[in-house]
Amino acid sequence: SGTWSPAVDNTTTTTYTFTPDGGQCATTQDLTVNVNAQTAPIFTQVLATCTGEAIVLPSTSTNSIVGSWSPAINNTATTTYTFTPDGGQCATTQDLTVNVNAQTAPSFTPIADICSGDALSLPATSTNSISGTWSPAVDNTTTTTYTFTPDGGQCATSQDLTVNVNAQTAPSFTPIAD
């Protein structure tokens, strides 16, 4: 039986000396305990995403540490996730914040009613600078609701716009008596 010195330190490599209690006819003994530095998992920053878009967090870091994330993925709000390495890898936890941006609704100036056959064009860019395409194809002969689909990467929602097309009427005249 005996005592160890210095006090145990689990943060750095240390040589400990065991000193036997008196009367045992024993010598001191040194023992070195190697403490390896923990490795921090490294991740590529996840790009900001739009509300509702899929978020994928890797289960393995770029420096090969395997683990899991918490809390559960939330694609509706900016969230900080914590990666917890699986046991036995001498690795630390790591936080990663994923920014989730609200989607913007494109806005358009209403199009005044037109007469059947009049020229009709729909803007390729909204008044708040969102570019995109319209469907269905423009039809200047009937009232139609068009859907604007934003080009990718703009974090914008689709938007509907109805264009009223009025039928042309032939003028009517009262016959003039002779």
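I need every pair where a residue in segment 2-14 that is open to solvent by 80 Å² or more (accessible area, probe 1.4 Å) has its Cβ under 9 Å from the Cβ of a residue that is of a type in the set (Asp, Glu), sequence separation at least 6 or different chains.
Thr3/Asp21
Check Asp160, Asp113, Asp151 and return the single one that is farther than 30 Å from Ala77 by Cβ and charged (D, E, K, R).
That would be Asp113, the only listed residue that is farther than 30 Å from Ala77 by Cβ and charged (D, E, K, R).
Taking segment 70-94 as the search range and keeping residues that are over 24 Å from Leu47 (Cβ atoms) and among the small types (Gly, Ala, Ser), which one is least open to solvent (accessible area, probe 1.4 Å)?
Ala91
Within segment 33-47, does at least one residue satisfy the condition of being touching a residue at least 24 places away in the same chain (Cβ under 8 Å), assigned to a strand (DSSP E or B) and out of contact with any Pro (no Cβ under 8 Å at 6 or more places or on another chain)?
Checked against the condition, which is being touching a residue at least 24 places away in the same chain (Cβ under 8 Å), assigned to a strand (DSSP E or B) and out of contact with any Pro (no Cβ under 8 Å at 6 or more places or on another chain), segment 33-47 yields at least one hit.
Determine if segment 95-111 includes at least one residue that is in contact with a Pro (Cβ under 7 Å, 6 or more places away or on another chain), farther than 30 Å from Thr80 by Cα and surrounded by fewer than 15 Cβ atoms within 10 Å (Cβ to Cβ).
At the first step, the residues of segment 95-111 found to be in contact with a Pro (Cβ under 7 Å, 6 or more places away or on another chain) are 106, 108.
With the extra rule that they be farther than 30 Å from Thr80 by Cα, the set shrinks to 108.
This time we only want the ones that are surrounded by fewer than 15 Cβ atoms within 10 Å (Cβ to Cβ), so: none.
There is no residue in segment 95-111 that is in contact with a Pro (Cβ under 7 Å, 6 or more places away or on another chain), farther than 30 Å from Thr80 by Cα and surrounded by fewer than 15 Cβ atoms within 10 Å (Cβ to Cβ).
I'm told Gln154 meets every condition in (1) under 22 Å from the mean Cα position of the chain (by Cα); (2) part of a loop (DSSP other than H, G, I, E, B); (3) surrounded by fewer than 11 Cβ atoms within 10 Å (Cβ to Cβ) except one. Can you identify the failing condition by its number?
(3)
Across segment 23-60, what is the number of residues that are surrounded by 11 or more Cβ atoms within 10 Å (Cβ to Cβ) and under 30 Å from Val8 (Cβ atoms)?
Final tally of qualifying residues: 8.
Here's a check for you: in segment 158-173, which residue that is in contact with a Ser or Thr (Cβ under 7 Å, 6 or more places away or on another chain) and part of a loop (DSSP other than H, G, I, E, B) is farthest from Thr142 (Cα to Cα)?
My answer is Ser158.
The values are calculated or read from the model by the stated rules, or taken from the named source; none is laboratory data. As the structure is a prediction and not an experimental result, all values here were calculated from the model. Cβ coordinates were reconstructed from backbone atoms using ideal geometry, including for glycine residues, and neighbour counts include every protein chain displayed. Note: areas computed on protein heavy atoms with side chains; ligands, DNA, RNA excluded. Shrake-Rupley method; radii C 1.70, N 1.55, O 1.52, S 1.80 Å.
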